[in-house]
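Notes follow the structure.
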Amino acid sequence: MRALVTGDFGREYLAELEDGKPLVCTRKGKKQDVACGDFVEVSMSSPGHARIDEIHPRRNVLFRKDAWREKTLAANIDQAVIIVAPRPSFSEMFLNLCLVACEAAGIKPFIMLNKKDLPEFEEARKSLANFEKIGYPVMPMSAKFDVEPLRPYLDGKTTLLVGQSGMGKSRTVNNLVMRDVAKEAEFSEALDSGKHTTTYTRMYRLDDTTAIMDSPGLQSFGLMHLPDDDIAYAMPDFRPFIGTCKFNDCAHIDEPGCNVIKAGEQGKIDATRLTFYQVLVEQQRELRVAHPDWKTYGR
Ligand SMILES: Nc1nc2c(ncn2[C@@H]2O[C@H](COP(=O)(O)OP(=O)(O)OP(=O)(O)O)[C@@H](O)[C@H]2O)c(=O)[nH]1
Ligand SMILES: [Mg+2]
Ligand SMILES: [Zn+2]
């Protein structure tokens, strides 16, 4: 039987059969390779309970891998909204990592700057100007007061909300979902009040064709699974210059005749983006040397 995974609780999953019936699932062999958004084959173990035997091929998958662990965040999504806020302050490094992860996975990213109601908002907005210049629109929002401006962007799509802890992912999802299903006991119980940090990824349906996923706050977003040239290519501001360097295998670190570095010097690529890229690539190289047994690009 085919089912859609709508909740990833680490060791247990929530899934929905094609007729909409909910199931609590465990993964065959206790593997942790299933993600929210996966279509899976299940076999029933008892009423309401099933075992996930197989994962159907994915349209896309958002994945992270650092020195200590790897995790499949979500599968088969149309876009990701990366939420940042002025308080607690967000990390630009994290935002860049998230953007690269999405681009490399073929998932369209948006930036949402939440907590418009806070006095520090304008300053945070200014600090994002350089992302807007690259072509990432920044949506101002206040999940506390009004999430409706977000709704048209979600229409007909499956969207993952992702970001650091405390940025307002759950508050956003709560408010979007509440409008329609506030009365359903299951939801009011399942959705946390916004005071607690989220520890699971869960999909909520907004209508027949629209779904949204809340996810746990991330502290880092390791990209150890991505080779250097995938990282460079996942940066749209680098793309016009890639392939034009003196050396074919240029990694844009310190090579002579590098047009990416030159573009950085000329202000055609923002200096902070170039530094982000170079620091990341060098960090990952060091980690790979320190841990040669890793299947670096494997999933
Ligand atoms: N002032 C203000 N506070 C907000 C807004 N959105 C969320 N918050 C508050 O910020 C805090 C964190 O919000 P959450 O929605 O729990 O954040 P989260 O991103 O889900 O955090 P994790 O689950 O830890 O990843 C809560 O106290 C929210 O009420 C907003 O637009 N304005
Ligand atoms: Mg949360
Ligand atoms: Zn180069």
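The values are calculated or read from the model by the stated rules, or taken from the named source; none is laboratory data. Treat the numbers as computed from the prediction; the structure is a model and nothing was measured. Note that we place each Cβ from the backbone using ideal geometry, even for glycine, and neighbour counts take in every protein chain shown.
Summary table below
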{"item": "Top-ranked residue of segment 81-103 - restricted to ones that are over 20 Å from residue 271 (Cα atoms) and over 11 Å from the mean Cα position of the chain (by Cα), ranked as surrounded by the fewest Cβ atoms within 10 Å (Cβ to Cβ)", "result": "88"}
{"item": "Residue among 232, 211, 263 that is among the small types (Gly, Ala, Ser), within 10 Å of ligand 3 (Cβ to nearest atom) and crowded, with 20+ Cβ neighbours inside 10 Å", "result": "232"}
{"item": "Helices (runs of 4 or more DSSP H) within segment 195-299 that include 1 or more residues farther than 27 Å from residue 129 by Cα", "result": "271-290"}
{"item": "Matching residues, segment 50-104, being basic (Lys, Arg) and either modelled with pLDDT under 95 or within 27 Å of residue 171 (Cβ to Cβ) (or both)", "result": "64, 65, 69, 71, 87"}
{"item": "Options 152, 137: the member that is at pLDDT below 95 and out of contact with any helix residue (DSSP H, G or I) (no Cβ under 8 Å at 6 or more places or on another chain)", "result": "137"}
{"item": "Test: residue in segment 210-219 that is more than 16 Å from ligand 1 (Cβ to nearest atom) and at pLDDT 95 or above", "result": "yes"}
{"item": "Filtered residues of segment 65-78 (kept if within 15 Å of residue 213 (Cβ to Cβ) and of a type outside the set (S, T, N, Q))", "result": "71, 73, 74, 75, 77, 78"}
{"item": "Test: residue in segment 240-247 that is within 24 Å of residue 127 (Cα to Cα), among the β-branched types (Val, Ile, Thr) and more than 16 Å from ligand 2 (Cβ to nearest atom)", "result": "no"}
{"item": "Test result for residue 224, within 16 Å of ligand 1 (Cβ to nearest atom), among the hydrophobic types (A, V, I, L, M, F, W, C) and in contact with a strand residue (DSSP E or B) (Cβ under 9 Å, 6 or more places away or on another chain)", "result": "no"}
{"item": "Search result, residues across segment 235-260 that are among the polar types (S, T, N, Q), out of contact with any helix residue (DSSP H, G or I) (no Cβ under 7 Å at 6 or more places or on another chain) and surrounded by 13 or more Cβ atoms within 10 Å (Cβ to Cβ)", "result": "none"}
{"item": "Meets criteria (within 16 Å of ligand 2 (Cβ to nearest atom), within 21 Å of residue 219 (Cβ to Cβ), among the small types (Gly, Ala, Ser) and not in a helix (DSSP H, G or I)) for residue 80", "result": "yes"}
{"item": "Failed condition for residue 32, given (1) at pLDDT 95 or above; (2) surrounded by fewer than 20 Cβ atoms within 10 Å (Cβ to Cβ)", "result": "(1)"}
{"item": "Subset of segment 204-231 [within 18 Å of the chain's Cα centre (by Cα) and more than 14 Å from ligand 2 (Cβ to nearest atom)]", "result": "210, 211, 220, 221, 222, 223, 224, 225, 226, 230, 231"}
{"item": "Test result for residue 281, at pLDDT 95 or above and under 21 Å from the mean Cα position of the chain (by Cα)", "result": "yes"}
